[in-house]
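Read-outs throughout are calculated quantities, based only on the coordinates presented, and are distinct from any laboratory measurement. If you're wondering where the values come from, they're calculated on a predicted model, not measured in any experiment. A quick note on method: Cβ atoms are made from the backbone with ideal geometry, for glycine too, and the neighbour counts reach across all protein chains shown.
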Amino acid sequence: MSLDTDTARRLREGMARGVLSFPLTSFREDGSLDPDGFRAHVADRLAAAPGAVFPACGTGEFHALDEDEYRRVVEIAVEEAAGRVPVVAGVGYGWAQAVRFARQAEDAGADALLVLPHYLVAAPQDGLVAQLEQLAARTRLPLVVYQRGQVDYSLDAFRRLARIPSVIGLKDGHSHLDRLQRLTLAAPEGFLFFNGAATAEVQARAYAAVGVSAYSSAVHAFAPEIANAFFAALRDGDDGTVDKLLRVFYVPFVELRDRAPGYAVSLVKAAARLRGRPVGPVRAPLTDPSAADLADLRTLLAAGLDLVGAAL
């Protein structure tokens, strides 16, 4: 596989024209999967013109899905996308389990896989590369690797993983920009890089300065008007609008997100519900926001939407 595959080209084109959308997985109040709610949510995301859709990843509570639910979620995303944008499904845990999910994603029609950080154990660099080699040998889909948490590639390990034929990109969640700059300079031509920091917009300028302009947007899952306004302002060099959106919405959102573990997902889902979207609650071990935090979220969301001329 080469970096000029159709999927890599489509991702490159998509990340130049819009944010990367990570849809929420819809659950009913009893905790069961809500396929119809998820379909409606994905359709709404696609109507807001993302560059690509990444179902069953961190924001989509991959960790909480069984294999049948996972396959259904990916199937729905593929059906709704209908070839308009690439669909990149999350896989994770150890490589043996990742392969099981990869096969479900293949059968569901996904275009590529996002390899999420593995579960629990710390691992040396050789093991991190071997994990990818084992997965790559067992799936026909191209891979985007995600370094975050306990997965943090050295320059040598990155050079090795970039030589795996099916690895087409890296999503970074560490924000070690000096190291990331070294990785971009060592990468083969055409290799894809994505800003995967939590609430990536806050660091989008810094990432762009080292050559990584594409980013994932959790905000797109509940306020695509804000996410798209920020993307356009950043792309067009409209620093005044970028500063205003950061000051009024994004930085206060990060401060609210940091009040409790898991709010990076829980607040996003709560904000989608505030806008009438059928996404339901989070699954344990995550918990929904407190009443006080939900009230602050409502106020903040209304201010952000007002800034871009949209209504709650």
Which of Tyr119, Tyr93, Tyr263 has the fewest other C-beta atoms within 10 Å, and how do the rest follow up to the most?
Tyr119, Tyr93, Tyr263
Take the alpha carbon gyration tensor of segment 179-248, find the square roots of its eigenvalues, order them as a ≥ b ≥ c, and report rounded if a/c is under 1.5; if not, report prolate when a/b exceeds b/c, else oblate.
prolate
For the residues Arg103, Arg45, what sequence is obtained by ranking on other C-beta atoms within 10 Å, fewest first?
Arg103, Arg45
Choice from Asp34, Asp293, Asp239 showing the highest fluctuation, given a GNM over the chain with Cα pairs closer than 10 Å
Asp239
Treating only the Cβ of Lys, Arg, Asp and Glu as charged (+1, +1, -1, -1), what charge dipole size does the chain show about its Cα centre? Round to the nearest 20 debye.
380
Among Val202, Leu161, Phe38, flag the residue with its Cα farthest along the positive direction of the charge dipole of the chain, charges on Cβ as +1 for Lys/Arg and -1 for Asp/Glu.
Leu161
Fewest-first ranking of Ser216, Ser290, using other Cβ atoms within 10 Å as the exposure measure
Ser290, Ser216
Checked against the positive end of the charge dipole of the chain (+1 on Cβ of Lys and Arg, -1 on Cβ of Asp and Glu, about the Cα centre), the farthest of Ser266, Ala56, Val85 is Val85
For Rg and Dmax of the Cα atoms in Å, one of (1) 18.2, 51; (2) 19.9, 60; (3) 34.5, 111 was computed from the structure I shared and the rest are decoys. Which label?
(1)
Label-point gap, in nm, between Asp107 and Asp239 - each point 7 angstrom along Cα→Cβ
5.4
Charge context of Asn228, other residues only, Cβ under 14 angstrom, K/R +1, D/E -1
-2
To the nearest Å, what is the center-to-center distance of segment 222-269 and segment 1-54, using C-alpha atoms only?
19
For every helix of n ≥ 4 consecutive DSSP H residues, a contribution of -39,500 (n - 2.57) applies; sum these over the chain, divide by its total residues, and give [θ] at 222 nm rounded to the nearest 500 deg cm²/dmol.
-14500 deg cm²/dmol
